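A quick write-up on the structure given underneath.
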Amino acid sequence: MILTDTVNKSRYDEYFDKVTNWLIDKFFAIILMLVFLFIAFKVAKFVLKLIKRSFDKSRLDTNVAGFLLSLIRIVVYSVVIIMAAAMVGFQVTSLVTILGTAGLAIGLSLQGSLANFAGGVLILIMKPFKIGDYIIENDKKCEGTVESIDIFYTKLRTYDNKQIVIPNGNITNNSITNVTTNNCRMLDLPVYISYKQDIKTAKDILAGVLEKSEYRLKERDIVVFVDSLEDSGIKLGVRCWVSVEDYWNAKWEITEKIKNSFDEHGIEIPYNQLDVHLDNNA
């Protein structure tokens, strides 16, 4: 028992001597390190304050601004601490390698979530759409009114009150159609007439329907034209400009009035049909 206590005491004395000698050898380096840490933390705090002010002036989303500021703070303080450790002789190369390897492993395991997060940050910074816009995601053909933009997901509300949740990574990796970016929108309707109908009469009727529509923007021109000659009939094109909020009402109203006007003037709208001829001599 006495021997064990003596051995432990000698080990403690040995460790104490090593620490004491190291402190004596690194005394000036430690003083320099403490001065460096004091100044570096002051500078880092000032820089972070400037970055926060720039985020506030840019009207960046609060969630993204808070995350980016925290990420920058961690990186800055980590670099300062590593530099301070190197000043007193610590070998930081292996530590940086271990941290880099761990970061890579975590990144690979969470690459889907990280892609969605990066997509959310890009959406909130670049603002290709905002809450209230009607968008179409052209890969899966998901469309609806943007209800919320979160860090990982964007939520859409469809016209029939269904909710669609789209990962932000999918949105940033594919094309998006923002229907409501501008205040007005072109209404483009295809209209068919049979080959026996007079084209000019049909075009005049269509132009009259557009002229009388309350939804048409009066300052923009209307266009009625022959689009193509198809197997079942002549395809006419009808174009006019309407406000975004009136688009669907304008489309439904004008489509109905075109049918009623054609009926009043005896204009036939062709449809697919099968004619059967019987040979009585057979």
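Read-outs: derived from the displayed coordinates by stated rules, not from any lab. What you are looking at is a predicted structure, and each value in this text was computed from that prediction instead of being measured. For neighbour counting, all protein chains shown are included, and Cβ atoms are generated from backbone atoms with ideal geometry for every residue, glycine included.
How large is log10 of I(q)/I(0) for region 113-235 at q = 0.10, 0.20 Å⁻¹ when the intensity is taken from the Debye formula with one equal scatterer per alpha-carbon? Log10 I(q)/I(0), no solvent term: -0.51, -1.00.
Within the shell defined by Cβ-Cβ distances under 9 Å, the residues around Thr180 carry a net charge of -1, with Lys and Arg each +1 and Asp and Glu each -1. Geometric descriptor of region 184-264, per residue, is 86 Å³ (volume of the convex hull of the Cα atoms). Diffusion coefficient of region 129-178 by Stokes-Einstein, Kirkwood radius over Cα pairs, 10 °C, 1.306 mPa s: 151 µm²/s. Please work out the FRET efficiency for the pair Ile30 and Leu114, using the Cβ-Cβ distance as r and a Förster radius of 51 Å; give the result to the nearest 0.05. Efficiency, rounded to the nearest 0.05: 0.85. Counting every alpha-carbon pair across region 163-207, the share separated by more than 12 Å comes to 78%. Taking other C-beta atoms within 10 angstrom as a stand-in for reagent exposure, Val121, Val35, Val244 fall in the order Val35, Val244, Val121, fewest first.
Using only side-chain charges placed at the Cβ, +1 for Lys and Arg and -1 for Asp and Glu, the dipole size of region 184-264 relative to its Cα centre rounds to 120 debye. A straight Cα-to-Cα reach below 13 Å connects Lys52 with the aspartates and glutamates Asp61, residues fewer than 8 places away in its own chain not being considered.
Estimated from the Cβ-Cβ distance and a Förster radius of 35 angstrom, the FRET efficiency linking Leu229 and Lys155 is about 0.15. Here the extension length gained between Glu211 and Asn183 equals 8.0 nm, from 0.36 nm per residue of separation less the Cα-Cα distance. Pairs of Lys residues in region 184-264, spaced 8 or more positions apart or belonging to different chains, with C-alpha separations under 23 angstrom: 26 in total.
Each of Tyr15 and Trp248 was given a label point 7 Å from its Cα along the Cα-to-Cβ line. The distance between the two points is 7.4 nm. Applying 1/(1 + (r/R0)^6) with r as the Cβ-Cβ distance of Lys42 and Val79 and R0 = 22 angstrom yields a FRET efficiency of 0.90.
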